[in-house]
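The values are calculated or read from the model by the stated rules, or taken from the named source; none is laboratory data. What you see is a predicted model; the values in this text were computed from it and never measured. So basically every Cβ, Gly included, is an ideal-geometry build from the backbone, and we count neighbours across all protein chains shown.
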Amino acid sequence: MHSLWMGTQFNVTVSNEEQAVYVFESEVLGKVKGRIPMMQLLLPEPETFVKIQRRQFVRLDVTLDTAIHPEHSEFTPFRALTEDISAGGASIRLLKGTAIQSVSQLYLWMALTMKSGEIHYLRVKKQSHSRNGKRTWKYAAARPIS
């Protein structure tokens with residue numbers, strides 16, 4: 001095991017109570033003697049901390065036109081916008097006063113605009129799950145519609 005000398009610079013990775021992970025640059029300022037020997041490190045301003053994404057899938061802030069349809073006829077289909085999207089799910093912003101009835105499955109139709117200007121439609125089947133008293137939907141299958 002090697003020791004770190006005063007002035008040695010390195011990156012520190014820490015997590016908070018919400019399990020968010022941050023990294024920042026630090027350096028050894030000195031040693032602290034005691035029953036357990038410790039190092040004194042430079043703690044920079046919190047604004048310099050960089051939040052690290054530790055997800056299975058990266059979440060992208062993207063607004064997509066979305067139509068929400070029930071599997072059967074539990075409610076009238078309506079339009080909404082995505083707030084963000086990833087391979088594991090999407091956050092949908094509903095218009096004020098819009099509520100999704102209690103359904104077990106629904107379909108999302110997302111309009112994907114290509115660089116060429118061409119629009120592709122993606123139909124995603126969602127399955128309902130209840131977690132912490134909130135109803136969420138997870139992707140079951142996705143397929144592009146030509």
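With a cut-off of at least 1 residues that are modelled with pLDDT under 90, in contact with a Ser or Thr (Cβ under 8 Å, 6 or more places away or on another chain) and of a type outside the set (Asp, Glu), name the strands (runs of 3 or more DSSP E) lying wholly within segment 31-108. Spell out the reasoning first.
On the way: elements: 38-41, 50-52, 65-70, 78-86, 89-93.
Fully inside segment 31-108 and qualifying: 50-52, 65-70, 78-86, 89-93.
Looking at the structure I just gave you, is residue 57 surrounded by 13 or more Cβ atoms within 10 Å (Cβ to Cβ) and of a type in the set (A, V, I, L, M, F, W, C)? Explain how you work it out, then say what you get.
Details: surrounded by 13 or more Cβ atoms within 10 Å (Cβ to Cβ): no; of a type in the set (A, V, I, L, M, F, W, C): yes.
When the stated conditions are applied, residue 57 does not pass them.
With respect to residue 89, is the statement that it is in contact (Cβ under 8 Å) with a residue 40 or more places away in the chain and either in the same structural domain as residue 109 (by TED's automatic domain parsing) or over 30 Å from residue 106 (Cβ atoms) (or both) true?
It is true that residue 89 is in contact (Cβ under 8 Å) with a residue 40 or more places away in the chain and either in the same structural domain as residue 109 (by TED's automatic domain parsing) or over 30 Å from residue 106 (Cβ atoms) (or both).
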